[in-house]
Structure formats: structure tokens, C-alpha cells
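*Asks:* One structure coming up, written as C-alpha cells, with questions to follow.
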Amino acid sequence: MRRLTAVPWRRARTRGFPPSGNGASSFHLGWRLSPGAGHLVEAAVTLEVTQPPVVDHLYFWALQVGFPGAGGAHLGLQWNRAFPGFGAVNWGGYSVDGSLLRGSESTLPSTPRDPNTRDYPWKPRRAYRLRVHRLGGGLWSGEVQDLSSGVATTVRELIAASPFVTDLLVWSEVFARCDDPSVTARWSDFVAVDERGQRFEPDAVVVNYQSRAAGGCANSTSVLDGQGGVLQVTNAERETPQGAALALDLDD
């Protein structure tokens, strides 16, 4: 007779640093767009860090796009101690072979001389519009606009041999401890534009959390805020389960 061996109960990870390959715990919101959308040439979303970090560890909030046959890229803000006042913006990505996508030299300075990540003095509780759009000739622009001042800044252009983007996501990538003080990022006004110039808003975003096996924290959550936005919150009770679709109020 075969002897059954008890499998030890594995507690949810809510403390300590994520033991993932890159040292981060990430969670994502995938855009659910209408089937009527054509080939997408632009994506934009508004980001506001409503409860900022208070520790020195890296936080990264980004809009991600896929370049079919050519890789993918992400545009977003970072809380990064290598930059003045912890403020940075990143527009970078990877080709299908895993190498970094090439791009133009940014006009923004970079204190650590990182071609993808540049000095950018963003402020908590202030809204920023992240926008990726096609320029033609394989060039894709990454732009961040401070909605308080109205100033739009082109981070740089990336080179990707794809005429359109797909697989739109926003995410939080957190290199802090699972039990470090709670941080909240708010996402709103999700918009994609196709090659005909038609605008599409997702009717929902689909929740994904990095699994325990992959090193993820179990105390991150994504929730609707009742005002047309979606909150991604660290060190909080998980209210929304893996794979759930959060319906967006398109009339808000």
C-alpha cells in the first residue's frame, strides 16, 4: 500500500521581501476592449499616486504595450532613490529575443545615466497622463503630461518594428517588503485609439496578481474607487480575487 504524505500548509506571503527572480511583487490590470477596435496605434491612461511610499525601496507604476513580433515596452513613473527626490520616469522595453529595445536619446537628464529611466520630479496626489503613440517609421513616442500644469514631456522614442500595439496593461511593480506601509496608485481614463482614429475605452480591467510560487505578496489588491478609477493597493486585505473583471463606469 502506498503511504500518503501530508503536504505542509503554506501560509500566504504577507511579510518580508518578495523572493521573486527580480525581487519584486507585481500586480496587473489587463484592458478588456471592444472586439470592434481595429489595430491600435495609441494608448493612454491617467496615473495618480494617492498614497506614496515612505521607504527607500523601488516602486514602478506603468502602462505596458505589446509590439506584435517585436517585443513590448512600458511607460511609467518610479519612486527610485537613485534619482533626485525619488522622482523618475521610464520608457523602455524588450525585443522578442530579450534584448533591450533601442531608442532615441532623451532630452531629460538622468542622474545615474540610465538611457531608459530619466529624472522626473513627479508629485504624490497629482495626476499624470501616460501616453504611448505611433510616430511612423518604427518609432513609438512615450509621453507624460502633468495634468495640473498641463505640461507634456516626451520621454524619448523607442524603435519597434511593429505598426500597432496590443495586450494593453497597467501595473504596479513593488520591490519593497510585503509588510511595508501601504501605498496606493489610482488609474483612470483608459483610452486606446485605432488606426482609423476611433477611440475605445475598456469596459473592464482584468485583475492579475503575481503568484506565491513566483514570489508575489498575498496582501496586494485592486479595487474600484466608485469614482471611475481603479486602485492598486499594497499591504491591504485582498478584496478582489485573481482573474476577476472590474467593470468600468464608461459614463463617469
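Values in this text are rule-based calculations from the coordinates and carry no lab data. Since this is a predicted model, take the numbers as computed values, not measurements. Reconstructed Cβ throughout: ideal geometry from the backbone, glycine too, with neighbour counts over all protein chains shown.
*Asks:* What shape does segment 40-181 have by the C-alpha gyration tensor, where a ≥ b ≥ c are the square roots of the eigenvalues, rounded means a/c under 1.5, and otherwise prolate means a/b greater than b/c and oblate the rest?
*Replies:* Because a/c hits 1.5 or more and a/b exceeds b/c, segment 40-181 counts as prolate.
*Asks:* Quick one: putting +1 on the C-beta of Lys and Arg, -1 on the C-beta of Asp and Glu, what dipole do you get for the chain around its Cα centre, in Debye to the nearest 20?
*Replies:* Roughly 1040 debye for the chain.
*Asks:* Oh, and also: Put +1 on the Cβ of each Lys and Arg and -1 on the Cβ of each Asp and Glu in the chain; which of 162, 181, 96 then has its Cα farthest toward the positive end of the dipole?
*Replies:* 181
*Asks:* Identify the trypsin sites (Lys or Arg not before Pro) of segment 148-203 meeting these criteria: DSSP loop state and at most 12 other C-beta atoms within 10 Å of the C-beta.
*Replies:* 196
*Asks:* Compute the relative contact order of the chain as a whole-number percentage, counting only Cα pairs closer than 8 Å that sit 6 or more residues apart in sequence.
*Replies:* Result for the chain is 29 percent.
*Asks:* On to the next question. Give me the net charge for the shell around residue 62: Cβ to Cβ below 13 angstrom, other residues only, Lys and Arg +1, Asp and Glu -1.
*Replies:* Taking every other residue near residue 62 into account, the sum is 0.
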